[in-house]
Structures are given as C-alpha cells and as structure tokens.
Amino acid sequence: MIKKILIILAIISPFLIFYLSNLILKKKTKYPIIKLSLISIILLLGILLYFRFLDDTKPGEKYNPPKLENGKIIKPYKKN
C-alpha cells in the first residue's frame, strides 16, 4: 500500500507544489505542463528504481501471503 501511495505522490507532487506556490504567492502564470511532466517522470523512475533495488527477494522465490488457519493468523513467508 505504501508503494502505491509513493508512486501516486511522485506523479502528483510537482503539479501540487506548483499550484500551491502560485496560490500562496498569488501569481497567475500558465502551467508549464511539459516541465512538470518531466519532473514527474523523473521522480516516478527514481521511486520505481528504488523499489526495484530495495526488494530482497531472489529470483524464483514465491511469496505466500498471510492466511487464517484454525483461528490463528499465519505470517507471510517466502520459499524457494
């Protein structure tokens, strides 16, 4: 869930910062869509690369999600 939130923030944050700065400074300027879009793409690529190299799973490992058995929660685990 946190990954999805960070990805959405990477896309939206340049536009939001530009809008809020114009609102606070009471300027009326055109939105530099291309510049803001390029900043969003760079942030998005940075976040995706961060998640790619942060992941500690090995190729071929399978993730087993948490499950409920006999009224007890079994923790998630990875196995080969």
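Of note:
- Restraint check, K4/K27; K4/K67; K3/K26; K3/K28; K4/K79; K4/K26, Cα-Cα greater than 28 Å: K4/K27; K3/K26; K3/K28; K4/K26
- Summing charges over all other residues whose Cβ lies under 15 Å from the Cβ of D56, with Lys and Arg as +1 and Asp and Glu as -1, gives +4.
- For the chain: relative contact order, % (alpha-carbon pairs under 8 angstrom, 6 or more apart): 24
- q = 0.13, 0.16, 0.25, 0.27 Å⁻¹: log10 I(q)/I(0) that the Debye formula gives for segment 1-68, counting C-alpha atoms only: -0.54, -0.69, -1.09, -1.15
- Cleavage-rule hits (trypsin sites (Lys or Arg not before Pro)) in segment 15-80: DSSP loop, at most 10 neighbouring Cβ within 10 angstrom: K26, K27, K28, K30
Every read-out reported here was derived from the displayed coordinates using simple, explicitly stated rules and does not represent laboratory data. Bear in mind that the values here come from a model prediction, so they are computed numbers and not experimental data. Neighbour counts run over all protein chains shown; Cβ positions are idealised from the backbone, glycine included.
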